[in-house]
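Here's the structure, in structure tokens; my notes come after.
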Amino acid sequence: MPTLLVLLMVSSVFTADPSAATEEFGIDEKAVSYSGFQVWSITVRSNGEHKLLRQIIEQYDVEVWKEQKTDKAAITELLVAPQVQRVLKVKLTEADISYGIKINDLHTVIDNGNEKHNMSSLNTKTGHSMDWTKYHRLADIYGYLNYLASTYPSRVELINIGTSYEKRPLYVVRIFNRSSSVVKPAVWIDGGIHAREWISPALATYIIRQLVEVPANEALLCNVDWFIMPVMNPDGYEYSHAFNRLWRKTRSVTSWTSCRGVDPNRNFGYKVMGGLGTSTNPCSDVYKGTRAFSEPETFATSNFIKGKASSIKLYLTLHSYGQAALIPWGYNVVYPSDYSDMLELAKSAVSKFTKYRYRVGNAAAIYYPAAGGSDDWAKSIGIKYSYTFELSDTGAYGFLLPASNILPVCQDFFPALDVFAAKVATMKV
Ligand code: 0X9
Ligand code: ZN
């Protein structure tokens with residue numbers, strides 16, 4: 001069995017209880033409740049144990065949140081529905097596999113994970129509703145981008161690169177020095193490919209703010225242009241706020257099933273067909289879609305990047321969780337010929353972090369093989385430096401990182417951009 005991600009094909013999300021009705025989108029859709037759901041962490045140290053664990057996971061239809069590998073062990077984090085907790089305990093004990101409960105009741109963590117304060121007072125003071133003390137809805141994020149574009153026309157251009165499946169605009173912010181007419185090498189950063197990874201758009205918007213609104217960071221615009229897309233999958237992001245906190249995919253409809261959405265990070269067109277860690281089952285969380293770039297979100301993004309491919313020298317995509325800088329190739333444990341350059345730059349970037357420690361390595365080797373990722377695709381079109389950063393944490397909260405962590409994560413991350421910008425500035429367009 002090449003990858004544990006195959007197991008994500010069957011998602012236990014569908015066993016969660018839809019209660020609390022909401023009609024926010026005019027659809028009578030029920031919000032999914034994760035009451036009594038737990039997250040377990042399981043460490044296996046031999047192939048035999050690994051095989052047993054996989055059998056158990058498959059048999060009981062348990063969703064895998066994350067797998068990370070070290071030389072000696074594989075750590076698997078599982079979302080465990082209340083109805084299988086007892087039997088899973090028995091099976092793991094019988095197999096002599098030890099486990100720990102990381103999250104005791106998901107519902108409580110989801111409930112406490114975001115601030116509920118009203119932003120209207122902030123809005124009157126600052127002209128926008130954005131801050132980094134809570135996870136914001138798309139309207140606040142897009143409101144902030146529009147505010148920046150109209151307030152700082154000399155360094156911000158807001159580019160509408162297309163429309164999502166549910167007709168939301170797809171925005172890229174270009175941050176640059178408009179007074180200079182030379183074409184500069186550029187950095188691309190995106191967030192929010194995966195809906196539930198809320199820390200990712202939070203960091204992307206923080207970076208935008210630092211580059212645009214903090215004069216001390218002006219030097220970062222001298223030799224480099226920045227293209228930042230804070231929410232690549234806005235439909236999924238909104239859905240994860242309104243209906244299902246653990247939603248990962250887009251929201252597109254497949255004609256023959258009621259299961260919705262494609263994993264955007266299995267939909268980029270490089271080695272995706274028949275690829276490891278992908279699924280052809282529309283109900284899977286790693287469903288790759290009917291063809292590469294089937295999703296309007298990945299299609300628009302890839303077209304835009306292709307149009308700028310000669311100037312974009314570094315591709316950075318923000319995900320969570322695990323605290324790792326992942327380097328292509330991710331479709332399998334294969335190393336690009338310039339892997340050592342990529343490794344060196346990533347190591348020097350993460351060396352800037354003072355609060356959180358990040359692992360650095362080949363994506364397929366230290367996580368799992370998974371084809372159709374945006375990082376592989378970016379590398380395949382000739383962008384030399386291409387990385388997936390899996391942000392905080394290492395599993396205490398996983399995708400449900402409480403909002404009180406946003407600022408610490410962002411502040412820790414930002415200095416790494418000095419390293420990336422310095423490298424990109426030396427590259428020829
Ligand atoms: O599985 C993914 O898409 C990424 N992890 S996440 O938990 N954020 O979903 C890792 C992608 C690494 N890159 C490739 N496999 N190409
Ligand atoms: Zn992700």
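The values are calculated or read from the model by the stated rules, or taken from the named source; none is laboratory data. A quick note: this is a predicted structure, and the numbers were derived from the prediction, not measured. Counting neighbours? That spans all protein chains shown, and the Cβs are built from the backbone with ideal geometry, glycine included. Surface areas here come from the heavy atoms of the whole protein model, side chains and all, with no ligands, DNA or RNA. Shrake-Rupley method; radii C 1.70, N 1.55, O 1.52, S 1.80 Å.
Couple of notes before you dig in:
- Per residue Cα convex hull volume in Å³ - calculated over segment 157-255: 107
- For the options Gly236, Gly36, Gly395, a Gaussian network treatment of the chain with springs between C-alpha atoms closer than 10 Å singles out Gly36 as fluctuating the most.
- Phi-derived couplings, Karplus 6.51 cos²θ - 1.76 cosθ + 1.60 at θ = phi - 60°, listed residue by residue for segment 191-207: x, x, 4, 9, 4, 7, 8, 4, 5, 5, x, 5, 5, 4, 5, 4, 4 Hz, with x used for Gly and Pro.
- Amide H partners (placed H, <5 Å) of Ser386, local residues excluded: Tyr315
- Over all other residues within a Cβ to Cβ distance under 10 Å of Val424, the charged ones net out to +3, with Lys and Arg as +1 and Asp and Glu as -1.
- Between helix 82-94 and the chain: long-axis angle, C-alpha atoms, 0 to 90°, nearest 10: 70
- Anchor Lys428: aspartates and glutamates whose Cα lies under 14 Å away (excluding residues fewer than 8 positions away in-chain): Asp225
- Exposed GluC sites (Glu not before Pro) absent - longest run of the chain, DSSP non-H/G/I/E/B, at most 13 other C-beta within 10 Å: 25-429
- Only protein atoms count toward the accessible area here, which uses a 1.4 Å probe; on the chain, the carbon and sulfur part of that area reaches 51 percent.
- Taking all protein chains into account, the per residue accessible area for the chain stands at 39 Å² (1.4 Å probe).
- The amide H of Arg359, built 1.01 Å from its N in the peptide plane, has Ala324, Ala325 as neighbours under 5 Å, considering only residues 5 or more places off or on other chains.
- Per-residue ³J(HN,Hα) for segment 316-324, Karplus 6.51 cos²θ - 1.76 cosθ + 1.60, θ = phi - 60°, Hz, x for Gly and Pro: 10, 10, 9, 9, 8, 10, x, 6, 8
- CD proxy at 222 nm, helix term only [per DSSP H run n ≥ 4: -39500 (n - 2.57); per residue of the chain; nearest 500]: -9000 deg cm²/dmol
- GNM remark for the chain: springs join alpha carbons under 10 Å apart, and the peak mean-square fluctuation among Ser252, Ser374, Ser340 falls on Ser340.
- Rg/Rh ratio calculated on Cα atoms of segment 298-425 (Kirkwood radius): 0.96
- Relative counts (whole %) of C-alpha pair distances in segment 314-371, using bins that are 5 Å wide: 4, 18, 28, 30, 14, 4, 1
- Rounded to the nearest whole Hz, the Karplus-based 3J(HN,Hα) values (6.51 cos²θ - 1.76 cosθ + 1.60, θ = phi - 60°) of segment 281-298 follow the sequence 8, x, 8, 7, 6, 10, 4, 8, x, 7, 7, 4, 6, 5, 8, x, 5, 6, with x at glycine and proline.
- Restraint check, Lys249/Lys271; Lys288/Lys308; Lys30/Lys91; Lys134/Lys167, Cα-Cα greater than 30 Å: Lys30/Lys91
- Once Rg and the Kirkwood radius are both taken over the C-alpha atoms of segment 221-340, their ratio Rg/Rh works out to 0.98.
- By the Stokes-Einstein formula, at 1.002 mPa s and 20 °C, segment 125-209 with its Kirkwood radius over alpha-carbon pairs has D equal to 153 µm²/s.
- Close amide H pairs (under 5 Å, H built 1.01 Å from N) link Phe414 with no residue at least 5 positions away or on another chain.
- Three principal axis extents describe the C-alpha atoms of the chain; from largest down they are 68, 51, 44 Å.
- Loop-located trypsin sites (Lys or Arg not before Pro) across segment 66-161 with a Cβ neighbour count of 15 or fewer within 10 Å are Lys72, Lys116, Arg137, with loop assigned by DSSP.
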